[in-house]
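The values are calculated or read from the model by the stated rules, or taken from the named source; none is laboratory data. The model shown is predicted, which means the values in this text are computed figures rather than measured ones. Reconstructed Cβ throughout: ideal geometry from the backbone, glycine too, with neighbour counts over all protein chains shown.
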Amino acid sequence: MGRPDKSKARKRGIRRFFTWRKLLGTFFVCCLLAMGALYVVYLLVPVPSANAEATMQSNIYKYSNGKILARTGEINREIVGLEKIPEKVQKAFVAAENKSFYRDNGVDIKGTTRAAWSTITGKGKQGGSTITQQYVKNFYLSQDQTATRKLKEMVIAIKVDDEMSKSDILAGYMNTSYYGRSAYGIQAAARSYYGVDATQLTIPQGAYLASLLQAPNQYDWNSASTTGRKLVEERWNYVLDNMVGEGWLSASERAGMKFPVPQKPKPAPGMEGQTGYIVEAANQELMRQGVSEEDIKAGGWTITLNIDEKRQKDLVKAVDEELESKIDRKGDRKQATIQAGATSVDPKTGAVVAMYGGVGATEHWMSNATRRDYQPASTFKPLVLASAIDNHSVTQDGRRIGLGTVYDGNSRRPVVGSDIPFAPENEDDDDYGPVTVQKATNSSINSVYAQMIVDVSPAKVKKTALALGMKDGIDFPESPAISLGTMGASTMDMAGVYATLDNHGRKVTPTLVKAATHRDRTVDPGKAIGDQVITRTAADTATKAMTGVVTNGSGFRAAGDYEAAGKTGTSENNRSAWFVGYTPELVTAVGLFGEDAKGNQVTLTDTINKGRANGGRTPAQIWGDYTERALNGGSDTPFDLETEGGVTELPDPTATTEAPEDEPTDAPTTASPDPTAPPTRTTTPPTEPTRPTATTPTEPTQEPTTDEPSPPPSIEPPDTGTDPDQGGGNRPPQ
């Protein structure tokens, strides 16, 4: 017998451990263990909260005509519901990325395994994810291509597919995907590539956007290489062919489609120029309506403004031509201190149609349109008059106050009847003697309005002012000094107050936001037109008085081919200069403010012109330039006024045909009507002129002024400070 073969014995021993039966059993055990492990992972891995970027959206701000003014937010995204996306555009995305989307359970095992194996073995990163997996990656996870993240993605995708409808998953995928051009989501992509909302996308356009997702930057037609363009066009054809294959598009419809070349990229509107001021004012208004600052920052709002695109441009152009083109901000330190602000309002609707906040929000962030740290000065005086008429007030000797009521217009005359001593100085310390209220309004005579507010009572005047839209504060005491406008006010405030006067005493609240909608709610912009806060007679009498300011007074530079009422104002030490005025269709407040580089208030004297910068000059010129443009050259619409007729049709005995800045200071020599006679209510017919044209019972010693003021000479002499509305130097405000 031979010796046993030891090698064969060893082989038989090895076979005992590696039989086919044992190997197959081991394989099944491993599979079971793997399945068990996956099940454990399934149980242990929860569906996390959305990542920060996935829920971030931009806010869209639009002009009243629907054109986009600005887009804000770190992420350019506006989430839209699937119902707003055409059905065949939806199908284009499914055809591009995951034809089995409606049939699978959220995971493509083969594709995901292939992609994971390539990543693990270092062969490169590959796709293979379903739409559900890509949605999970975008919404819940990071963009890292790691085995751990892939495993989480797969597990969460299965759970999400079980918990969410296919429609919600598809909507989430289309809203979270990145399309290039800084556009996240289908809505931002539609606007960026085709200038339309997602609702208006065509099938070819939708197929292109779906094609982009494979390589957004490489496939952007306007920046792609020749190869990139070829690849994206091939991808586009692939998407449409898949749609035909799935029965979502007919072959005949497909045959007629041409590649939709996208528009060139446009930079998203930024915060430069007036945009930042308008956006910030809109946000502040929304917060007053109950929207939190956190909600606004989170994004997703579409905010349509009342800003009229044309009138906004008209206002900017008026400031540029009447102010900015005449000064040197960089080379002249004094001129650099001039800040301009303006607000324009439709008195019938309360809509803020234009706003000027300053040289630019990126250069001077504080808005000169909404700031309240400067005095409105003599633009407050019409409110004193309106309060006098509304309260049926009388003078100290019992005469009813109206436009024909005569007051002592001498400078520094102590007021009578007040516990608080007050004796304001008139501009240039001029003594006017006996003057009518109309003359005192035209020439902004401080002594007359100081006495008038005492006759009415400062408390009643303040009550009227607050009802009209002024804001209360510690700088608004019930004292005679407020007759000179010593409180703080913004151009927005004053535009609202004068709009209420223009609207015959019915409250107008300037409203910037026309509509604000979010995916899950809508904000009511508030009621812009309110109740009657003063009588129509009081409001219309104030309007009547201010027409004289434009035709025969300090605001003559605001006159144009329209009926206008307005008031100039220049504050103490010439720190602010105003013109606030209106036509029957439009109310605009314009202010100039002196502010140094540190934010301190400084004088406007010797800045825009030599001497004092007054409300009747640059502010009135800006107002007139803008109003003419905004009204398309002019308007035939007259004021329809109901005033106390017995005293409103009198000519101003001291009127002059010379430029109002040089009005004579002599007292009228004609007799005034009996101010104590009961007033009669008259309605001025719309077809009749509303400017004072009637004669007095006694012939005046000089001819009444004509309807139009004498035009200023083409080259004006330096301002000598004789404007009747001035308060320069250390003099009191006028």
statement: If we keep only residues of the range 209-264 that are assigned by TED's automatic domain parsing to the domain that holds PHE101 and among the β-branched types (Val, Ile, Thr), then the residue nearest to TYR194 (Cα to Cα) is VAL232
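Where in the range 74-186 are there helices (runs of 4 or more DSSP H), lying wholly inside it, with at least 1 residues that are at pLDDT 65 or above and within 41 Å of the chain's Cα centre (by Cα)? Explain how you work it out, then say what you get.
Values: elements: 87-97, 109-120, 131-139, 147-163, 166-176.
Qualifying helices (runs of 4 or more DSSP H): 87-97, 131-139, 147-163, 166-176.
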query: What number of residues within the range 211-253 satisfy the criterion of being among the hydroxyl-bearing types (Ser, Thr, Tyr) and in contact (Cβ under 8 Å) with a residue 60 or more places away in the chain?
result: 2
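Would you tally the residues in the range 511-546 being farther than 20 Å from ALA377 by Cβ and in contact (Cβ under 8 Å) with a residue 40 or more places away in the chain? Give the steps one after another, and end with the answer.
Step one: list which residues in the range 511-546 are farther than 20 Å from ALA377 by Cβ, which gives 511-541, 544.
Keeping just the survivors that are in contact (Cβ under 8 Å) with a residue 40 or more places away in the chain gives 511-519, 523-526, 528-529, 533-541, 544.
Number satisfying all stated conditions: 25.
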message: If GLU363 satisfies all but one of (1) surrounded by fewer than 17 Cβ atoms within 10 Å (Cβ to Cβ); (2) touching a residue at least 40 places away in the same chain (Cβ under 8 Å), what's the number of the condition it fails?
response: (2)
query: So is PRO382 closer than 30 Å to GLY404 by Cβ, touching a residue at least 40 places away in the same chain (Cβ under 8 Å) and part of a loop (DSSP other than H, G, I, E, B) or not?
result: no
message: Condition first: part of a loop (DSSP other than H, G, I, E, B) and aromatic (Phe, Trp, Tyr). Now tell me which residues in the range 327-374 satisfy that.
response: TRP365, TYR374
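Residue by residue, here is whether (1) at pLDDT 95 or above; (2) touching a Lys or Arg at 6+ places or on another chain (Cβ under 9 Å); (3) surrounded by fewer than 19 Cβ atoms within 10 Å (Cβ to Cβ) holds:
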site	(1), (2), (3)
GLY473	no, yes, yes
GLU478	yes, yes, yes
ALA481	yes, no, yes
LEU484	yes, yes, no
THR491	yes, yes, no
LEU501	yes, no, no
HIS504	yes, yes, no
THR509	yes, yes, yes
LEU512	yes, no, no
- line: Looking across the range 263-312 at residues that are among the hydroxyl-bearing types (Ser, Thr, Tyr) and either at pLDDT below 85 or in a helix (DSSP H, G or I) (or both), the single one that is surrounded by the fewest Cβ atoms within 10 Å (Cβ to Cβ) is THR275
- prompt: So which residues in the range 589-642 are of a type in the set (Phe, Trp, Tyr), under 30 Å from ARG536 (Cβ atoms) and in contact with a Phe, Trp or Tyr (Cβ under 8 Å, 6 or more places away or on another chain)?
  reply: TRP623
message: Just to be sure I understand, how many residues within the range 366-382 are aromatic (Phe, Trp, Tyr) and within 14 Å of the chain's Cα centre (by Cα)?
response: 0
- prompt: Does the range 226-241 include one or more residues that are in a loop (DSSP other than H, G, I, E, B), surrounded by fewer than 19 Cβ atoms within 10 Å (Cβ to Cβ) and at pLDDT below 95?
  reply: no
